[in-house]
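Please treat every number below as a calculation from the coordinates, not as lab data. Keep in mind it's a predicted model, so treat the numbers as computed, not measured. Virtual Cβ from ideal backbone geometry, glycine too; neighbours counted across all protein chains shown.
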Amino acid sequence: MAESIRVVAFDLYGTLIDVDALVDALRQYTPMPEAACAAWRQRQLQLSNAASSGRYMDFDRITFTALHEIAPRFHMKLDPSSTKALIDAWAALPPYDDVVPALKSAAKSMVPMVVLTNAVAHTARNALAHASIGDFFSHLFSADAVKTFKPRSAVYEQILTLGVAPSEVLFVSSNDWDAMGARQAGFHTVWCNRRRAVLSPKPERTIDDLYALERVLSEYALTAF
């Protein structure tokens, strides 16, 4: 008998929102835009991990701090104007090409879809609106509400306020550590392996892109509430 899923949850950055699109914005500030983009993202995650175990600061502040920390390494001379331009670029990224088709397909099941993100809530809502995908989601849960970051269990447990059990949540993320964190919280998980990484141990389910999400959802009994 197929297991029941009552909520499908998605990570935001790197899963729905294409963070690699920052490369275009970075080109006018550094001769190494691809490397700078990767370093900015990596430093965001490092700082969020540190903030989970030390003094908390929200993800907007982390994004700003990470940019300024990596800038010298990539010969980026930031002033207020260039800083604003890059932070604005971060706030206005497009969705991946597979996102809208996947969400349209998932929406047919009538199962609520939600976003669970480390981002500050208003920043995440603006990102969803800019990407024109906000209407697919019934709720948005932010790590800022519990003043810690994924993969801490308190972040994932916010979804349970919808009145569902952990085993009734399917969580989708392109970040392996995020999918693992959700699994430890008791969720069913799908790792969208956009970068074709090799992991051991493997997450519960792995797909190469969100086009394959429809197949995964067909394996469950999707129950609207």
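Think of the chain as having a plus end and a minus end, set by charges on the Cβ of Lys, Arg, Asp and Glu; of M76, I5, A107, M76 sits farthest toward the positive end of this dipole. Could you tell me the center-to-center distance, by alpha carbons, between region 43-122 and region 162-210 in angstrom? Cα centroid to Cα centroid, the span is 19 Å. Going from the fewest other Cβ atoms within 10 Å to the most, the residues R183, R73 appear in the order R73, R183.
Multiplying the residue separation of H139 and A85 by 0.36 nm and subtracting their alpha-carbon distance yields 16.5 nm. Please find the FRET efficiency linking V146 to A2, where r is the Cβ-Cβ separation and R0 is fixed at 35 Å, and quote it to the nearest 0.05. According to the calculation, E is roughly 0.65. Sorted ascending by nearby beta carbons within 10 Å, beginning with the fewest, K104, K150 become K104, K150. Charge tally around A9: other residues with Cβ under 15 Å, Lys/Arg +1 each, Asp/Glu -1 each, net -1.
With a Cα cut-off of under 27 Å and a minimum spacing of 8 residues unless on different chains, the lysine pairs in the chain number 4.
Listed by Cβ neighbour count within 10 Å, with the fewest neighbours leading, V99, V23 appear as V23, V99. Note on the chain: GNM, Cα springs under 10 Å; of D98, D79, D144, the largest mean-square fluctuation is that of D79.
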